Number of protein chains: 2
Amino acid sequence: MEEAKHSNMGLTVKKSENFSEWYTQAIQKAELIEYGSVSGCMILRPYSYAIWENIQSYLDAKFKKTGVKNAYFPLLIPEKLFQLEKEHVQGFNPEVAWVTASGDSQLTERLAIRPTSETIMYDSYKKWIRSYKDLPLKINQWVNIIRWEFKNPVPFLRTREFLWQEGHNVLATKEEMDKDVRTYLEIYKKAYENLLAVPIIEGRKSEREKFAGADYTLSVETLFPNGKAVQGATSHALGQNFARSFGISFLDKKQKKQYPWQDSWGFSTRSIGIALGVHGDDKGLVIPPRVAPHQIVIVPIYFSKQPGYNEKIRKLAKEVEDGLVKMGIRVESDLHDDNSPGFKFNKWEIRGVPIRMEIGPKDVDENKVVLVRRDNGEKIEVKTGEVNAVVLETLNKIHDNLFNRAKLYLQAAQKKVDSIEVLKDIVGKGQIGFGAWCGNQDCEENIKDQTGGTKSLNIPFDQPNLAEGQKCSFCERKAQYWAYFSKSY
Amino acid sequence: MEEAKHSNMGLTVKKSENFSEWYTQAIQKAELIEYGSVSGCMILRPYSYAIWENIQSYLDAKFKKTGVKNAYFPLLIPEKLFQLEKEHVQGFNPEVAWVTASGDSQLTERLAIRPTSETIMYDSYKKWIRSYKDLPLKINQWVNIIRWEFKNPVPFLRTREFLWQEGHNVLATKEEMDKDVRTYLEIYKKAYENLLAVPIIEGRKSEREKFAGADYTLSVETLFPNGKAVQGATSHALGQNFARSFGISFLDKKQKKQYPWQDSWGFSTRSIGIALGVHGDDKGLVIPPRVAPHQIVIVPIYFSKQPGYNEKIRKLAKEVEDGLVKMGIRVESDLHDDNSPGFKFNKWEIRGVPIRMEIGPKDVDENKVVLVRRDNGEKIEVKTGEVNAVVLETLNKIHDNLFNRAKLYLQAAQKKVDSIEVLKDIVGKGQIGFGAWCGNQDCEENIKDQTGGTKSLNIPFDQPNLAEGQKCSFCERKAQYWAYFSKSY
């Protein structure tokens, strides 16, 4: 069993029949993840880390355009500091890993490994912020995070250690904060849609689901083929809560002391799992083209019966590769002759390379190559002179197809609900309920209890009108807004 | 005092008079570092993190050209795994920070925070390596590291947490390993010389100073103005030690089981401190141009007596900035009119920006600007049409000047020594002793005891001949080679 999982043989389950087994198998067989010796701490192998590097370079450039600068704050947070903001510590305490000893000695104070860095960063912010001239302050860091969860770990989606970026901005006014927190959610939305080809639902989290210590939290969410929703990224309006707890203040233009307004926003390696879970198929992964470590793989179809052909095939492969690389396309050439073309097709299909290029003896004769799309299997014959243009165009078509396919699924899954019974039925079918809601925490508790764990996803920015005197779909209160509900990771 | 340290006022000590106080002041006043709430864990502020990003992008490209791929391995290492290689654990145990609890529960096994990742990585390598076809395996990671030292912390140079890259290669033969370990040392040497303008001494560490668990260690070292040497980076030939301890083996072409040969190599944020310590002067830091976050700062000299001039100055500043940015030059424009030019000059001098560009009313009239070099104060008038070319050329000149200045100092500091007494005298003057040496560990212990802490730096690759029957300069044994000795960080 262990051996089979590590081999390159095909998947033994269908995505539609057993999503979670499909997901685990596909990710391991594609060599994205290795399980480590500590439960929940997984190894990002080169093939998945390269996806993360592509995500990083996209997001980092977007952040910098908004005036954000990168920095690095310590991994370890003194217990006293960690406890300064009351709601924050209550939210995170159960998941904190504690350092208590070094070498052979006990530490005098326990140190928390960062589960998020508000507390350690704001302890410095209070030294740096004196005047309105010091604002806005916009700092981001790309770091590892530890949250010692006890739920069953799932690669990328729920791991005790993960990588992320966390941005922490300080603004002079509430208006600036409200605008800022949307700016980063918008960047995350575009990262999902334009980079990972994943459609999302954007909105505000409920009181029950917001970040511990925030005034409110914005999120992007999507839906997996197994009918479970998954949170993609969050942007938190922290209000003045942390500023008051940490003593961050500034003198405004009239020399009056003010507490500033803060936000924090994060995007993690979970996004990789989301893209893989949304796009894969029964043959394995389908990596969205714009983050794929190899956007195209060249597989020669050697022909040894007539001398000279293999040399010509290799030469053409090299020429085509050089041309594509010059265009900035990420190419893998699988030219070894120790494996059959069939073995290679299978290998790169499992790994989800968006385009396979086949070059055989007939192609050499006719000065062409064959492209095969991973997303739909379509074969395209291309004259060698047109390879660059067609490959670029095909990568974009694959992106669009993946996105549109997923968007249709996400849209079709949204159903209006007007009672807990209907919601239970809807989420039982793996769909998302959309109901008029009061927003109360005890109402959400009740929904969760009555439906076997349904939670609110978010309250969309785009709100349909509520009928005059509209009641909450799930209790006797007055409805405040429309909200999404489903089972989720 | 605390307030003065955080202000932008000039330095209160001279570099030549009190190097360590100069270093601490310069680094804080330039806003590179903030001290955190845990001793030895410091904050890399945006200005220093940007230097690190420039170093990363240089090194990462060099590594990838050698076939290295990036990955990410867990932060936490189970105690059992950490102890598999005997010498390794002995070397690192005293400095390990231990995680013992999560939330409110005790862990069943203590987890070490990585002080280096050989053990956690090779635990996976043994699963990935089966055949000679799996070799070479070349993986690098960019991560944070914790070593809980109890010596006095020094920003960048000795901190309990630092950032680095660690590369871990597996080769089929000793010959390949011996070559490989030199490849990365060569990359490190070039990073110091061509990027950071720091001349280095390269060679092999003594038995006493090599990496815990290695067959041998190569290093680059340089000398600070206070006469203390500092290790710049290391590349370790691990031999088959870890392969045997971790059970990593492969079947060679004849289907015979073999242990592979390994190396590991690391370059850390210490390099930033080295460059700053080597190049700074009494006015503050001098950041080497190729890693400087701002390679040039534009400071307008406003002239309000005659209307229209300030507008013209701003316009020219913007034009010049746009032109430089198009050339890929990193420009900071300090256009605010709330601070005087003198204040700005001081601010950017302390921060070590390589070139300051002044634009005043006369410059606008005459279609020119003035460049001022940070390294030597030279003023250069440049016609606006020639700014791009002259700035590029000047950045290279500054690099060369910094490197040559430091190289002269490093060369002049090397003195041949033929006894412990002479060595003690030499290191007392802040110089480096170069002596014929037996290489024995007890001889090195004795040197250390007799000279107040002198250590061997390394045994250079370029060896002068030893005289027939040459004795060790420090004991009665036969000399094996020439080696460098000095006080060091």
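Points worth noting:
- Single match in A:N144, A:N152 (criterion: without any contact (Cβ under 8 Å) to a residue 40 or more places away in the chain and either in the same structural domain as A:G453 (by TED's automatic domain parsing) or under 25 Å from A:W98 (Cβ atoms) (or both)): A:N152
- For the stretch A:100-113, filtering for residues that are at the interface with chain B (Cβ under 7 Å from one of its Cβ atoms) and surrounded by fewer than 23 Cβ atoms within 10 Å (Cβ to Cβ) leaves 4.
- Complete set of residues in the stretch B:107-122 that are closer than 18 Å to A:E161 by Cα and either of a type outside the set (V, I, T) or not assigned by TED's automatic domain parsing to the domain that holds B:Q83 (or both): B:L107, B:E109, B:R110, B:L111, B:A112, B:R114, B:P115, B:S117, B:M121
- The one condition from (1) closer than 19 Å to A:T159 by Cα; (2) within 13 Å of chain B (Cβ to nearest Cβ); (3) buried (at least 20 other Cβ atoms within 10 Å of the Cβ); (4) out of contact with any Cys (no Cβ under 8 Å at 6 or more places or on another chain) that A:I27 does not meet is (2).
- Failed criterion for A:D462 (all others in (1) open to solvent by 70 Å² or more (accessible area, probe 1.4 Å); (2) acidic (D, E); (3) over 26 Å from the mean Cα position of the chain (by Cα) hold): (3)
Residue by residue, here is whether (1) among the basic types (K, R); (2) in a loop (DSSP other than H, G, I, E, B); (3) within 20 Å of A:V143 (Cβ to Cβ); (4) more than 7 Å from chain B (Cβ to nearest Cβ) holds:
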| residue | (1), (2), (3), (4) |
| --- | --- |
| A:S16 | no, yes, no, yes |
| A:Y23 | no, no, no, yes |
| A:E34 | no, no, no, no |
| A:I43 | no, no, yes, no |
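- Test: residue in the stretch A:128-139 that is within 11 Å of chain B (Cβ to nearest Cβ) and open to solvent by 50 Å² or more (accessible area, probe 1.4 Å): yes
- Index of the failed condition, A:E95 passing every other in (1) more than 7 Å from every other protein chain (Cβ to nearest Cβ); (2) in contact with a Lys or Arg (Cβ under 8 Å, 6 or more places away or on another chain); (3) among the charged types (D, E, K, R): (1)
- Residues within the stretch A:422-473 that are of a type in the set (K, R) and closer than 15 Å to A:R204 by Cβ, tallied: 1
- With respect to the conditions (1) more than 10 Å from chain B (Cβ to nearest Cβ); (2) touching a residue at least 24 places away in the same chain (Cβ under 8 Å); (3) open to solvent by 10 Å² or more (accessible area, probe 1.4 Å), A:T116 lacks only one, and its number is (3).
- Qualifying residue in the stretch B:68-75 (condition: over 21 Å from B:L171 (Cα atoms), facing another protein chain (nearest Cβ under 8 Å), in contact (Cβ under 8 Å) with a residue 24 or more places away in the chain and touching a strand residue (DSSP E or B) at 6+ places or on another chain (Cβ under 7 Å)): yes
- On inspection, B:K80 fails the criterion of being basic (K, R), buried (at least 22 other Cβ atoms within 10 Å of the Cβ) and touching a strand residue (DSSP E or B) at 6+ places or on another chain (Cβ under 9 Å).
- Residue in the stretch B:379-396 that is farthest from B:A197 (Cα to Cα), counting only those that are in contact (Cβ under 8 Å) with a residue 24 or more places away in the chain and of a type outside the set (A, V, I, L, M, F, W, C): B:T384
- With respect to the stated conditions, B:Q90 fails to be farther than 22 Å from B:Q262 by Cα and more than 9 Å from every other protein chain (Cβ to nearest Cβ).
- Qualifying positions in the stretch A:180-196 - more than 13 Å from A:K62 (Cα to Cα) and touching a Gly at 6+ places or on another chain (Cβ under 8 Å): A:Y192
The values are calculated or read from the model by the stated rules, or taken from the named source; none is laboratory data. All figures in this text were calculated on a predicted structure; none of them were measured in a lab. With ideal geometry, Cβ positions are generated from the backbone for all residues, glycine too; neighbour counts draw on all protein chains shown. We work out accessible area using only protein heavy atoms, side chains counted, and drop any ligands, DNA or RNA first. Shrake-Rupley method; radii C 1.70, N 1.55, O 1.52, S 1.80 Å.
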